[in-house]
Amino acid sequence: REVRAEADLVLDTSGLNVHELRAKIVGFFGTDTGESSLRATVVSFGYKYGLPVDADLVVDCRFLPNPHWVPELRPKTGRDAAVRDYVLGQRGAKEFLDAYTEVLRLLAEGYEREGKHYVTLAVGCTGGKHRSVAMAEQLAARLRDEGIEVQATHRDLGRE
């Protein structure tokens, strides 16, 4: 009673679920910066090493030709311009990025409405060195352009 008498705000939480409670707290104390509160981690990986256990979404880039079979690209990674340009220059790469970015935009809006603050996106190819790395970097850049805080990591890079 003493604490309640001193309180500037009294909030009855007995009828609220966790999402409603969060919305009330943000409504009273949060500031609307206009930026996304969602944080994304984009992880590239190699299917031959298994799926990332913490991924919310997994996408497969093995539909694109593998730079591993191009002798001058084999020692390079998806972070190298030559590999990135090769991967992104393949038929279907840009269309995939455009379509998946749109899906992620819709998901991000829904996640934010539901109070989800973190999402892990996994992008896989055979070994996690070329295609998945290049595509993960591109997806991370596109999400940043959408105002989402993004970290790109490459789980299996250097593992071969």
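The values are calculated or read from the model by the stated rules, or taken from the named source; none is laboratory data. Please read these numbers as outputs of a predicted model, since none were measured by experiment. Note that each Cβ is placed from the backbone with ideal geometry, even for glycine, and that neighbours are counted across all protein chains shown. These accessible areas exclude ligands, DNA and RNA; they are computed on the full protein's heavy atoms, side chains included. Shrake-Rupley method; radii C 1.70, N 1.55, O 1.52, S 1.80 Å.
Placing pseudo-labels 7 Å out from each Cα toward the beta carbon at VAL10 and ARG74 gives an inter-label distance of 7.5 nm.
Label positions at GLN90 and LEU57, each projected 7 Å from the Cα along the C-beta direction, are separated by 2.0 nm. When only Cα pairs below 8 angstrom with a gap of at least 6 residues are kept, the range 11-139 shows a relative contact order of 45 percent. Each of TYR118, GLN138, ILE148 was scored by the projection of its Cα onto the charge dipole of the range 108-155, and the greatest displacement toward the positive side belongs to GLN138; charges sit on the C-beta of Lys, Arg, Asp and Glu.
Distances between placed amide hydrogens fall under 5 Å for TYR118 paired with ARG39, all partners being 5 or more residues away or on another chain. Evaluating 6.51 cos²θ - 1.76 cosθ + 1.60 at θ = phi - 60° for every residue in the range 40-47, the Karplus couplings come out as 10, 10, 9, 10, 8, 7, x, 4 Hz, glycine and proline recorded as x. Once the chain from LEU21 to GLU109 is taken as fully extended at 0.36 nm per residue, the excess over their C-alpha distance is 29.8 nm.
For ASP85, the accessible surface of its heavy atoms amounts to roughly 90 Å² (probe 1.4 Å, protein chains only, rounded to the nearest 10). With a simple spin-label model that places each label point 7 Å from the Cα along the Cα-to-Cβ direction, the separation between LYS116 and GLN151 comes to 1.9 nm. 3J(HN,Hα) couplings calculated from phi for the range 108-125 with the Karplus curve 6.51 cos²θ - 1.76 cosθ + 1.60 (θ = phi - 60°) are, in sequence order, 4, 4, x, 4, 5, 4, 8, x, 7, 10, 10, 9, 10, 9, 10, 10, x, 9 Hz; Gly and Pro show x. Residues whose amide H lies under 5 Å from that of ALA152, counting only those 5 or more places away or on a different chain, are VAL42; hydrogens are built 1.01 Å from N in the peptide plane. Each residue was assigned an accessible area with a 1.4 Å probe, and for PHE96 the value is about 40 Å².
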